[in-house]
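The next block holds one structure in the form of structure tokens; read it before the comments.
Taken together, the values in this text are just the output of simple stated rules run on the coordinates, not laboratory data. Small disclaimer: the values here were computed from a predicted structure and weren't measured. Counting neighbours? That spans all protein chains shown, and the Cβs are built from the backbone with ideal geometry, glycine included.
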Amino acid sequence: MGRRVLKPGQKYGRLTLLSKAQKNGRSGYWLCKCECGNKKIIRSDSIGRRTVSCGCYGKKVLEEQHKRKLATKYEDFDSKAYSPYYRLYHTWGHMKSRCYNANNNVYYLYGGRGIKVCDEWRDNYQCFKKWALANGWDLHAKGMEQSIDRIDPNKDYEPDNCRWVNAQTQALNKRNNFFITINGESRSITEWSRLKNIDPGVIRRRYYKYGLRGEDLFNPIPREMKYANNNKILFKDEMVPVVDLCRQYGISDATLRKRYERGWRDDELIKRPEHKPLIKMEYKGKMYSISELCNNFGFKETTLRRRYSKGLDVYGNEKSNNSDKQLENKRVKATKKKEGM
Ligand SMILES: [Zn+2]
């Protein structure tokens, strides 16, 4: 082969030359960019001859060959996952299974009741496929979006009694659906949720938990309703706001509520765990409990406790103007520790 001169910017197959490159310390290579976006270093003499892509071209050719081979080799090509008709093939299979396989979970609703698949469909998938394509089977629907439905549920699977429906229509035809009537319109919760663009769970909660009806279902739960019984609890024969108790005794809101739900009352409610004594630390000239510091100013509980035990301030610095009393406390603590050893 004649010598050729490679230059940056030249195109061979899917490759565009970028710059000369080395591989394993040897020259005679080019850095190339492939149409697919990959960059690769390739031997100069094979560019455009042995090598026309980063590898993506060969891969594609092989895949296509493989598919063509399979299509001609097997009649049940549609049963393979890479076939676009995979879903249809399995609809056919499941339909037969419901009617003829006594081990199928729902056999009692189909075969058990004498429902059959007509002969031409039962023995011939291609025949079923032909009917499906002519009667609105959607190639692009996914999974449960489309399914085969019998118009008269007491008749067999046969061309005249079957149609393709989307899963929503089919679910709507079930008897046990629950309807909510608003302004004279009856719809299921799912339908309302789609119509109003609200999560069905939210509507369900408003309906069942808060007893809201009508248009109220589409508006947020009123604040006073949401917190009606939550913001005050019985404490020493009085209804006291939870917030006040938290502030006064330095216990977190969540802890208080949890205890109250468990049936703890009065002193039990505000009891501090023995390994976690109430600690107040100074922050910007005010005294706060540790839980307040954590919740309101983003400190970490363990860090604050460690700093406190070392006699440091909230930032971990030595306290600049320790009062005599604090120093005394520290000393007493230290000596106690020594005695304990
Ligand atoms: Zn490529």
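Of note:
- For Cys162, the amide hydrogen comes within under 5 Å of the amide hydrogens of Ile151, counting only partners 5 or more places away or on other chains and with H modelled in the peptide plane.
- In this simple spin-label approximation, Lys39 and Asn124 carry label points 7 Å from Cα along the Cα→Cβ vector, and these lie 5.9 nm apart.
- Between the amide H of Phe235 and those of Val240, distances stay under 5 Å, these residues lying 5 or more places away or on another chain, with hydrogens modeled in the peptide plane.
- Label zone at Asp237 (point 7 Å along Cα-to-Cβ), backbone N below 19 Å, segment 264-281: 265-270
- Violating pairs (Cα-Cα greater than 30 angstrom) within the set Lys59/Lys96; Lys67/Lys116; Lys232/Lys319; Lys69/Lys130; Lys60/Lys142: Lys59/Lys96; Lys67/Lys116; Lys232/Lys319
- The Rg/Rh ratio of segment 77-172, with Rg taken over Cα atoms and Rh as the Kirkwood radius over Cα pairs, comes to 0.94.
- Neighbour counting of Cβ atoms within 10 Å sorts the residues Leu88, Leu31, fewest neighbours leading, into Leu31, Leu88.
- Principal axis extents of the Cα atoms in segment 179-225, from largest to smallest and rounded to whole angstrom, are 29, 20, 15.
- Net charge, Lys286 excluded, C-beta distance under 11 Å - Lys, Arg +1, Asp, Glu -1: 0
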